[in-house]
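Take a look at the structure below.
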Amino acid sequence: MGFNKLIDNKKVLSLCAVLMLTGTNLLMAQGTTAAAAEKPGVNWLSVGYYVLLFVLGCIAVAIIGKILRVYDLSQKIQGKAGINWNNLMAVICIVFLVAGGIGTYWSFTVHGSMILPEAASVHGAKIDSMFWTTTGITMVVFVVTQILLFSFLFVYRHSAKRRAYYLPHNNTIEKVWTIAPAIVLTVLVIFGFFTWQEVTNTKEVKGDVNIDITGEQFAWNLRYPGPDGLLGKKNYKLIVGSNKLGIDFTDKNSTDDLKADTMFLPVNKSIRLNIGSKDIIHSVYMPHFRVQLNAVPGLPTFFKFTPRYTTEQMRQKTDDPKFEYLVYCNKICGSSHYNMQKVVRVVSEAEYNQWLAKQQPYLTPALRTELKLAEVKKNNISTNRLALNN
Amino acid sequence: MSTLAVHDHEVGHHDDGHGHHHKETFISKYVFSMDHKMIGKQFLITGITMAFIAMILSILFRIQLAYPDTAFPLLETLLGRFAPEGRLDPEFYLSLVTIHGTIMVFFVLTAGLSGTFSNLLIPLQVGARDMASPFMNMLSYWFFFTACVIMLSSFFIQKGPAGPGWTIYPPLSALPTAMKGSGMGMTLWLISMVFFIASSLMGGINYVSTVLNMRTKGMDLWKMPLTIWAFFLTAILGVLSFPVLVAGVVLLIFDRSFGTSFYLSDIVVNGQIMPMEGGSPILFQHLFWFLGHPEVYIVIMPAMGISSEIMSVNSRKPIFGYHAMVYSLIGITVLSFIVWGHHMFVTGMNPFLGGVFMITTLIIAVPSAVKTFNWLATIWRGNIRFTPAMLFAIGMVSFFISGGITGIFLGNAALDINLHDTYFVVAHFHLVMGSAAIFGMLAGVYHWFPKMFGKMMDDKLGYLHFWLTFIGAYLVFFPMHFMGLDGVPRRYYAFTEFVSMQRWLSVNMFVTWAAIISALAQFAFLYNFIHSIFWGKKTIQNPWQANTLEWTAPIEHFHGNWHGEIPSVYRWPYDYSKPGAEEDYILQTTPLSQTMSSNVPHDFEDNPAGLEELSKWTSTQKANEEVK
């Protein structure tokens, strides 16, 4: 017993005294320095107390250890068996099993009720059913294996009268528990594979609402197509202060592209979210819709989904009048990674069209004149070059 | 052949036979030692030091998560500009997370675990005098030590340590203007990692060649303890996958410092259009995870091997399904090379690939399940002794189950869409590879402490350490699953900016306090460890009544491990509680001819002469019985 020697030693007492003294010293010192320091400094008193608390905790542990040791020895002197630590551990195992079971149940009910509400998109419903199936199967395995583990520990605790059962292997049972998980996992794989295919293997369909979302440190930029329903081309080399997304305005599809602050989505319409990034990798994460895809610079991607509940409906479902859908960043991207969000609002198609009509195009009159000037300059240069060539 | 090779090596070192004590200087004994036992101890102590540092870092960011609006002036005193006004800087928070992850995964659970126990146990359990190349073994440690020093030195530079997460995805890690942590700190990270990988490779090559070439007489592959199988396969895994990370890291160094664009394209940072074109950030992720996934098995397989051995010894029962245990380790080794894409389901990788990786990923759950069931069958009808090592081995199994099960969610591409990079992932890998592997490591420390230091550790403190850590780890990581299911992302500096996340604040406080208590419990271990090295009770030759070879070696350490000839091996390492045997264990070095009463036909599978002997013996026994 390591700590016996420690406690036997008079050093402990002196250590205790020293700590008390330094504690008071710190207290005194605090009085003088606190007045001298202008800005709020470290409260060394409380730091000292925490250290003292830790030391007292250690001493308490040592004392308990000592008491147990003394008890153990006195029992042995009287010819009785001392503390049977092995049995004690076995009992704690079973106590842990019961307490752990209660704790798990408590966590499932309390924390379990805090998880995301029902999926607000069509494909999300499939993901949810997949999730609940997997949860059902795995929870059975979890509960059964943990119960077996800890109850075996209790039941088969050491006894001098018994010998363990020599059982090196049993091929039948090993085959059973290789094949059984294989079958269960095959079912999950097939189920999951088809769900995944359905979610990701989506073709471009006419009538999809195309929305561009571009990540940058630390904001999301949205671009909606104008009346022509088409988004124009982009080129990162065109990015300047007045054209933050690098929209290529020589493409006539881009002249009517609209800017937006909030992501409005029409309910029950297929949305095609075109995802890009200006600088580093971000991740478009819309948990309520079960949507996530990284925004990778140089690799344009898209995610298609169909919202099925409007914001209003979701507010009623969650019983929270302030509920908002959100899109936020889920890939580490720097200092303000933790605050890179945008509100998403799902509305009826009529409301959506109304809202869209009010949005301003990226090509502002100011930008138009600026581009015109640039055009003229470019023309001048090219005529000069022609002249030179001649 | 193995003994021959050993003999040659010995002759080169000392001319007058085995077991001769060198006159060693302090430097050659404790610093630049070439003895595998000392190198193992060096790895262990460095690993424990790094683990404590990484643990303190985690407590720092846990405090930030629990009290995002409170200022702690003490933090400013300790951390200076990294915690202005007593609150952590958001970029320093990311650095803490990054360095915590890097140290724990690489420096503690790879080098600290494999480095310690492969070095200590491979020669002792296969019956060799030392590693195949003791000099390379020494280099392996010193490269590791250099890597540690470089990694920690990044705390003392102006902009602080690397910050883009332990996975260091470019472009964030490649653009020094994108964040402070991508500056000098990132360069140091990369240099440190190159040293680390060199160390791992030298270690790994040594482990593989020692296991293959230097086993003692009679020690065929199917007589090796599961620990050796685990270390052997881990080393193979490391040797094959770590070089790929070097490739990835070197290309990243080129991108950062020499203007190439392997990983970069179409980038505008702070309004400045970058000239790089044509690279792909996804390429880095492929290279990283080609190591990164095998890496998690590099971390967990030694823990599995150690736990198997300890559970068998302390249940006084053979490990159930030894062959199945080995084949499942081999299965995990092979499969782990083709599952890396499950870290990349939502990166924009071709969805078809996602589907393929999902299938391979869920297949790897089968060998893991087999192992779990075999552990349960091992303790079933055992005669269980609760040494601290046994408790930690059991804790490892419990964590492996709890964390492994959530892997089935994350390995499913469809479910991963919503769970990727949330706290669900944090909970998953901290249980299945963090806690499980560290418990495997602690089990090993408690179990082989007598072998390492010739002293016993204190059991009662071990019990206290176990229960506080075990319960604490569950309290820390269990609630995190639900945060993930609520869509709370990992690596967020604070949850204050989201109305929907503020309700998790109370859970965060709870988690932080659980983390602090389990961190304090580690001091019980630290005290026990240091105190026992110097003042612990002296050990006996075979304190756990185990069968394996290392317990036949003398307690006092000397270069060469055994006086005289290395013992020969006659049987597998798991003959515990064999019916008919006098004691409940039979050493591997006991010939079958000395244990006639306990032999079974199975012992003579490839040995017809022996089988005949056995049937002769049984018939004489029967005849004797009848005479009586």
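The table below gives the values:
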read-out: Filtered residue count, region B:237-280, keeping only those that are touching a Gly at 6+ places or on another chain (Cβ under 6 Å) and part of a strand (DSSP E or B); value: 0
read-out: Residues of region A:307-346 classified as at positive phi and among the charged types (D, E, K, R), total; value: 1
read-out: Residue within region B:281-297 that is touching a Pro at 6+ places or on another chain (Cβ under 8 Å) and in a loop (DSSP other than H, G, I, E, B) present; value: no
read-out: Members of region B:366-389 that are among the aliphatic types (A, V, I, L, M) and within 9 Å of another protein chain (Cβ to nearest Cβ); value: B:Val366, B:Ala369, B:Val370, B:Leu376, B:Ala377, B:Ile379, B:Ile384
read-out: Matching residues in region B:487-506 - criterion: being within 13 Å of B:Tyr423 (Cβ to Cβ) and within 7 Å of another protein chain (Cβ to nearest Cβ); value: B:Gly487, B:Pro489, B:Arg491, B:Tyr492
read-out: Residue among B:Ala494, B:Ala414 that alone is in a loop (DSSP other than H, G, I, E, B) and among the small types (Gly, Ala, Ser); value: B:Ala494
read-out: Long-range neighbours under 8 Å by Cβ, at least six apart or interchain, first residue under 20 Å from A:Gly298 (Cβ atoms) and within 7 Å of chain A (Cβ to nearest Cβ) within region B:343-356, second of a type in the set (Asp, Glu) and assigned to a helix (DSSP H, G or I); value: B:Val346/B:Asp416
read-out: Options B:Ala71, B:Ala66; residue that is surrounded by fewer than 21 Cβ atoms within 10 Å (Cβ to Cβ), touching a Lys or Arg at 6+ places or on another chain (Cβ under 8 Å) and either β-branched (Val, Ile, Thr) or modelled with pLDDT of 85 or more (or both); value: B:Ala71
read-out: Filtered residues of region B:585-615 (kept if of a type in the set (A, V, I, L, M, F, W, C) and over 15 Å from B:Pro573 (Cβ atoms)); value: B:Met596, B:Val600, B:Phe604, B:Ala609, B:Leu611, B:Leu614
read-out: Long-range neighbours under 9 Å by Cβ, at least six apart or interchain, first residue under 19 Å from A:Phe142 (Cβ atoms) within region A:108-128, second among the aliphatic types (A, V, I, L, M) and surrounded by 15 or more Cβ atoms within 10 Å (Cβ to Cβ); value: A:His111/B:Met483; A:His111/B:Leu485; A:His111/B:Val507; A:Gly112/B:Leu485; A:Ile115/B:Met483; A:Ile115/B:Leu485
read-out: Number of positions in region B:543-586 that are within 21 Å of B:Ile384 (Cα to Cα), under 25 Å from the mean Cα position of the chain (by Cα) and not aromatic (Phe, Trp, Tyr); value: 5
read-out: Top-ranked residue in region A:257-284 [being within 14 Å of chain B (Cβ to nearest Cβ) and among the β-branched types (Val, Ile, Thr); ranked as surrounded by the fewest Cβ atoms within 10 Å (Cβ to Cβ)]; value: A:Ile275
read-out: Any hit, region B:331-339, residues being in contact with a helix residue (DSSP H, G or I) (Cβ under 9 Å, 6 or more places away or on another chain), over 21 Å from B:Lys223 (Cα atoms) and either at the interface with chain A (Cβ under 9 Å from one of its Cβ atoms) or not in a helix (DSSP H, G or I) (or both); value: yes
read-out: Residue within region B:443-461 that is over 21 Å from the mean Cα position of the chain (by Cα), free of Cβ contacts under 8 Å to residues at least 24 places away in the same chain, assigned by TED's automatic domain parsing to the domain that holds B:Ile300 and assigned to a helix (DSSP H, G or I) present; value: yes
read-out: Filter result for the condition that a residue is under 27 Å from the mean Cα position of the chain (by Cα), surrounded by fewer than 24 Cβ atoms within 10 Å (Cβ to Cβ) and either on the phi < 0 side of the Ramachandran plot or not assigned by TED's automatic domain parsing to the domain that holds B:Ala54 (or both), over B:Phe156, B:Phe144, B:Phe135; value: B:Phe135
read-out: Qualifying residue in region A:271-284 (condition: assigned to a loop (DSSP other than H, G, I, E, B), assigned by TED's automatic domain parsing to the domain that holds A:Trp220, farther than 23 Å from B:Pro489 by Cα and not small (Gly, Ala, Ser)); value: no
read-out: Residue in region B:359-375 that is without any contact (Cβ under 8 Å) to a residue 12 or more places away in the chain and under 17 Å from A:Phe150 (Cβ atoms) present; value: yes
read-out: Among (1) surrounded by fewer than 16 Cβ atoms within 10 Å (Cβ to Cβ); (2) within 25 Å of A:Tyr165 (Cβ to Cβ); (3) at pLDDT 90 or above, the one test that B:Phe523 misses; value: (2)
read-out: For A:Thr172: the one exception among (1) farther than 15 Å from B:Asn314 by Cβ; (2) touching a residue at least 24 places away in the same chain (Cβ under 8 Å); (3) not basic (Lys, Arg); value: (2)
read-out: Region B:396-420 residues that are more than 7 Å from every other protein chain (Cβ to nearest Cβ), paired with ones that are outside any helix (DSSP H, G or I) and surrounded by 24 or more Cβ atoms within 10 Å (Cβ to Cβ) (beta carbon under 6 Å, 6 or more apart); value: B:Asp416/B:Phe345
read-out: Which numbered condition A:His111 misses (of (1) within 10 Å of chain B (Cβ to nearest Cβ); (2) surrounded by fewer than 18 Cβ atoms within 10 Å (Cβ to Cβ)); value: (2)
read-out: Qualifying positions in region B:253-267 - buried (at least 24 other Cβ atoms within 10 Å of the Cβ) and at negative phi; value: B:Tyr263, B:Leu264, B:Ile267
read-out: All positions within region A:285-303 that are in a strand (DSSP E or B), over 16 Å from A:Ala125 (Cβ atoms) and within 8 Å of chain B (Cβ to nearest Cβ); value: A:Tyr285, A:Gln292, A:Leu293, A:Asn294, A:Val296, A:Leu299, A:Thr301
read-out: Count of residues meeting criterion [in a helix (DSSP H, G or I) and either within 8 Å of chain B (Cβ to nearest Cβ) or more than 32 Å from the chain's Cα centre (by Cα) (or both)] in region A:187-216; value: 9
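Listed here are the residues, each with its yes/no results for (1) modelled with pLDDT of 95 or more; (2) assigned to a helix (DSSP H, G or I); (3) in contact with an Asp or Glu (Cβ under 6 Å, 6 or more places away or on another chain); (4) assigned by TED's automatic domain parsing to the domain that holds A:Tyr325.
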{"site": "A:Val98", "(1), (2), (3), (4)": "yes, yes, no, no"}
{"site": "A:Tyr105", "(1), (2), (3), (4)": "yes, yes, no, no"}
{"site": "A:Leu116", "(1), (2), (3), (4)": "no, no, yes, no"}
{"site": "A:Ala119", "(1), (2), (3), (4)": "no, no, yes, no"}
{"site": "A:His123", "(1), (2), (3), (4)": "no, yes, no, no"}
{"site": "A:Thr133", "(1), (2), (3), (4)": "no, yes, no, no"}
{"site": "A:Val143", "(1), (2), (3), (4)": "yes, yes, no, no"}
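Yes or no, residue by residue, for (1) within 12 Å of another protein chain (Cβ to nearest Cβ); (2) part of a loop (DSSP other than H, G, I, E, B); (3) at pLDDT below 95:
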position	(1), (2), (3)
B:Val511	yes, no, no
B:Ile530	yes, no, no
B:His563	no, yes, yes
B:Pro567	no, yes, yes
B:Pro573	yes, yes, yes
B:Pro579	yes, yes, yes
B:Gln588	no, yes, yes
B:Ser593	no, no, yes
B:Ser597	no, no, yes
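The values are calculated or read from the model by the stated rules, or taken from the named source; none is laboratory data. Since the model is a prediction, treat every value here as computed from it, not as a measurement. With ideal geometry, Cβ positions are generated from the backbone for all residues, glycine too; neighbour counts draw on all protein chains shown.
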